[in-house]
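**Student:** If you scroll down you'll find the structure; I have some questions about it.
Readers should treat all values here as calculations from the given coordinates under stated rules, not as data from a laboratory. Fair warning: this is a prediction, and the values are worked out from it, not measured in the lab. Virtual Cβ from ideal backbone geometry, glycine too; neighbours counted across all protein chains shown.
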């Protein structure tokens with residue numbers, strides 16, 4: 001049986017919002033990153049750099065949130081498959097966390113580079 005519903009922009013938007021609501025309610029890392037995003041967006045608006053640099057900072061900041069959501073999805077799928085400790089489950093979760101860490105590092109490097117050399 002196909003578990004994929006027919007495409008409908010309104011239903012798909014509802015699914016996306018349901019996913020975000022669930023992630024927000026269950027993932028403390030996402031809450032922290034969203035809180036940071038508020039201050040980051042304010043800082044992006046206030047710094048005196050070109051629009052292109054502001055866009056780089058905004059995109060890398062949003063990328064952190066996107067990768068965090070993908071990591072949360074990975075963790076939920078792993079938990080669905082097994083509640084027991086399994087080395088492969090741990091590796092899958094660790095790799096997802098590494099992806100989040102790399103995007104945060106990319107965002108920080110972008111800030112440092114732009115603030116020092118723009």
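**Student:** For a paramagnetic label modelled at 7 Å from the Cα of residue 22 toward its Cβ, which residues of the stretch 49-92 fall within the zone defined by backbone nitrogen distances under 13 Å?
**Tutor:** Counting only backbone N, you get 70, 72-81.
**Student:** So, one more: Work out, step by step, the length gained on full extension between residue 116 and residue 101: first 0.36 nm times the residue separation, then minus their alpha carbon distance; give nm to one decimal. Please report the intermediate quantities before stating the final value.
**Tutor:** On the way: separation 15, 0.36 × 15 = 5.40 nm, distance 2.23 nm.
Stretched fully, the residue 116-residue 101 segment lengthens by 3.2 nm.
**Student:** Residues in the stretch 50-75, backbone N under 15 Å from the label point at residue 92 (7 Å along the Cα-to-beta-carbon vector): list them, ranges by number please.
**Tutor:** Once the point is set 7 Å along Cα→Cβ of residue 92, 70-75 turn out to lie under 15 Å by backbone N, inside the stretch 50-75.
**Student:** Per DSSP H run of n ≥ 4, the term is -39500 (n - 2.57); total these for the chain, divide by its residue number, and report the mean residue ellipticity at 222 nm rounded to 500 deg cm²/dmol.
**Tutor:** Value at 222 nm, helices only, nearest 500: -29500 deg cm²/dmol.
**Student:** I want to verify a result. In a Gaussian network model of the chain, Cα cutoff 10 Å, which of these has the top mean-square fluctuation: 73, 16, 92?
**Tutor:** 16
**Student:** Separate question: In Å and from the alpha-carbon atoms only, list the Rg and Dmax of the chain.
**Tutor:** 17.4, 56
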